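Asks: Handing you a structure now.
The values are calculated or read from the model by the stated rules, or taken from the named source; none is laboratory data. Just so it is clear, the model here is predicted, and its values are computed rather than measured. When we count neighbours, we look across all protein chains shown, and the Cβ atoms used for this are built from the backbone with ideal geometry, even at glycine. Side chains are part of the model used for accessible areas, which takes the heavy atoms of the whole protein and leaves out ligands, DNA and RNA. Shrake-Rupley method; radii C 1.70, N 1.55, O 1.52, S 1.80 Å.
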Amino acid sequence: MSFKEMVAADIRNVFLNPGEFAEIRTVEYDGERYEDIPITLSGPKESDRQQHVNDRTEGLHLASAVLHCAVSDLCGNQPEKGQRIRINDEAGGGGFFREYYVVSSVCRMGMLRVGLEAIDE
């Protein structure tokens with residue numbers, strides 16, 4: 001088995017295995033709905049939002065997270081920087097959908113690493 005084949009197997013069997021690290025969630029991106037796919041979502045972590053001199057929106061924070069999933073689970077559709085993506089908080093397509101903006105997107109060996117940000121209260 002080659003190194004690339006071992007990595008591809010590990011992506012499904014370890015990193016995106018709901019029994020190990022992954023959770024089953026629904027992702028909405030670019031008008032498409034990808035129900036019950038295995039993802040790992042690191043975060044969201046909140047930090048103080050940088051305020052500009054004329055900014056009067058106090059009490060808002062920047063929530064950032066990192067999404068990992070297989071590009072094949074999004075039908076080869078790699079999220080693009082500046083686009084919106086929504087991820088729910090429970091299996092089965094229900095629950096609360098949180099909306100993020102894509103700030104970075106990298107695909108290596110079939111695995112997506114998508115940096116996300118949202119403004120939160």
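Asks: Where Lys and Arg each count +1 and Asp and Glu each count -1, what net charge lies around residue 95 among other residues with Cβ under 15 Å from its Cβ?
Replies: -3
Asks: Moving on. First compute the accessible area of the chain with a 1.4 Å probe, then give the percent of it belonging to carbon and sulfur atoms.
Replies: Carbon and sulfur: 48 percent of the exposed surface of the chain.
Asks: Counting each DSSP H run of 4 or more residues in the chain as -39500 (n - 2.57), what helix-only mean residue ellipticity at 222 nm follows after dividing by all residues, to the nearest 500 deg cm²/dmol?
Replies: Rounded to the nearest 500, it is -2000 deg cm²/dmol.
Asks: Relative contact order for the chain using alpha-carbon pairs under 8 Å, separation at least 6, rounded to a whole percent?
Replies: Over the chain, the number comes to 26 percent.
Asks: Then there is this: Give the longest segment of the chain that steers clear of chymotrypsin sites (Phe, Trp or Tyr not before Pro) in DSSP loops with at most 14 neighbouring Cβ atoms within 10 Å, not counting the sites themselves. Numbers along the way, then the final one.
Replies: Details: sites that count: 21, 96.
Looking at the chain, 22-95 is the longest stretch - no exposed chymotrypsin sites (Phe, Trp or Tyr not before Pro) with at most 14 other Cβ atoms within 10 Å.
Asks: Shifting gears a bit: How many Å² of accessible area per residue for region 75-121, probe 1.4 Å?
Replies: In whole numbers, region 75-121 has 59 Å² accessible per residue.
Asks: Kindly provide the Kirkwood hydrodynamic radius of the chain in Å, to one decimal, from all pairs of distinct alpha carbon atoms.
Replies: The answer is 15.3 Å.
Asks: With charges set only on the Cβ (+1 for Lys and Arg, -1 for Asp and Glu), what does the dipole of the chain come to about its Cα centre, in debye to the nearest 20? Mind showing how you got there, number by number?
Replies: Details: 13 positive and 21 negative charges, 82 e Å.
The dipole magnitude comes to about 400 debye.
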